[in-house]
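What follows is calculated from the coordinates using simple rules that are stated; it is not laboratory data. The structure displayed is predicted, hence computed values, not measured ones. Using ideal geometry, Cβ is built from the backbone for each residue, glycine included, and neighbour counts are taken over all protein chains shown.
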Amino acid sequence: MARSDRDSDGNPTGKLCVVATPLGNPDDLSPRARATLARADVILAEDTRSARRLLSDAGLPAETTKKLMSCFDANESDRAAEAVAWVAAGQCVVVISEAGTPLVSDPGFRVAAAVAAAGLRVEPIPGPSALLAALVGSGLSPDHFTFLGFPPRKSGARRRLFESLRTHPFTLILYESPMRTADTLVDLAAVLGSQRRACVARELTKTYEEFVRDTLGALAEKYRVDRPLGEVTLVVAGAASDALVEAFTDETIQVEARELLASGMSARDASTELAARSGRPRREVYALVTAVASEGDGG
């Protein structure tokens, strides 16, 4: 029987499902993700070979692999146009990457963006994510973080990127090739300081999962002679609060608070933002911001 592409209210029933898949441990495939793969009309996979292994490990019928189509950088634009047509026709299209959550430093964004731009449904099926697994295992602050994806391959461009983040107060997360991990650690240490705390997370969820926590200088030296194996995620502490506190005096915070309050931001939100940017205690910053706010009330 042909599938209807409309529900009883006349709305399209097709959708694009962005499905997170295991980083290494097959038990991390959620029941919801498995069910979505089982009922998909089309599965767009970054690597069809690893996708076949995934489907086999999930115990899905062999005919499921007949739905597989490749979707990688070179053909993603074409796949995006096809996905829009399929979803508009009422089909369930699934996007998976080789491991982890698609779109995040992996193919799939152009497909999801095209489907969303067409006013069609995009449904995330959350699950494994290397950046979050590395962050929670790193021992570094998870309150605020910035994900950088893969940094530039050339040292000069890498250092310029890191220089722009030298006083950034949030934890930094990067993906890196094991071949370039040592060089990237050297650049991080040179720009951010050799004593900055960091963690090298590798082979996440796999048999030889490892978190190595130390200073950037020590990690750069370790991996200069001991190249890591497997997929690598780097987690780096934000700028030292002492250096930020020196730059964010009471007067500086109050000047910036006036600007934020004048733009319509609430005292609470302004305090949250300035505390994050300055590294100073939120209660302390809140007192300064409310003092500024009361000036306006009393005027």
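Quick notes
- Whether segment 56-127 is rounded, prolate or oblate, judged on the alpha carbon gyration tensor where a/c under 1.5 counts as rounded: prolate
- The charge dipole of the chain, taken about the Cα centre with unit charges on the Cβ atoms of Lys, Arg (+1) and Asp, Glu (-1), comes to about 700 debye, rounded to the nearest 20.
- Three-way shape label, segment 18-64, alpha-carbon gyration tensor, a/c 1.5: rounded
- Those aspartates and glutamates that a straight Cα-Cα span of less than 18 Å connects to K206, excepting residues fewer than 8 apart in one chain: D27, D28, D57, E98, E176, E231
- Taking label points 7 Å from Cα along the Cα-to-Cβ direction, D78 and S294 give a separation of 6.8 nm.
- Computed extension gain for T207 through V255, at 0.36 nm per residue and net of the alpha carbon distance, reaches 12.0 nm.
- Between A262 and R32, the simple spin-label model (points 7 angstrom out along Cα→Cβ) gives 4.5 nm.
- Loop-located trypsin sites (Lys or Arg not before Pro) across segment 113-203 with a Cβ neighbour count of 15 or fewer within 10 Å are R153, K154, R166, with loop assigned by DSSP.
- Between the listed residues V292, L148, S278, the Cα displaced farthest toward the positive end of the dipole of the chain, a dipole computed from Cβ unit charges relative to the Cα centre, is found at L148.
- The Cβ shell under 13 Å around L140 holds other residues with a net charge of +1, Lys and Arg each +1, Asp and Glu each -1.
- Considering only L131, A35, T249, and ranking their Cα positions along the charge dipole of the chain that arises from unit charges at the beta-carbon of Lys, Arg, Asp and Glu, the one farthest toward the positive end is A35.
- Set K67/K154; K154/K222; K15/K66 screened for pairs whose C-alpha atoms are more than 31 Å apart: K67/K154
- Legend: P(r) of segment 16-157 from all alpha carbon pair distances, 10 Å bins from 0, whole percents, reading 11, 40, 32, 14, 2.
- Net charge of neighbours whose Cβ lies under 12 Å from the Cβ of V289, counting Lys and Arg as +1 and Asp and Glu as -1: -2
- Using the Cβ-Cβ distance between R227 and F150 with R0 set to 22 Å, the FRET efficiency from 1/(1 + (r/R0)^6) comes to roughly 0.80.
- Within the set (i) 23.5, 74; (ii) 20.4, 70; (iii) 17.6, 53, the number that Rg and Dmax of the Cα atoms in Å takes when calculated for this structure is listed as (i).
- Stretching R282 away from D41 to a fully extended chain increases their span by 81.7 nm, per 0.36 nm per residue minus the current alpha-carbon distance.
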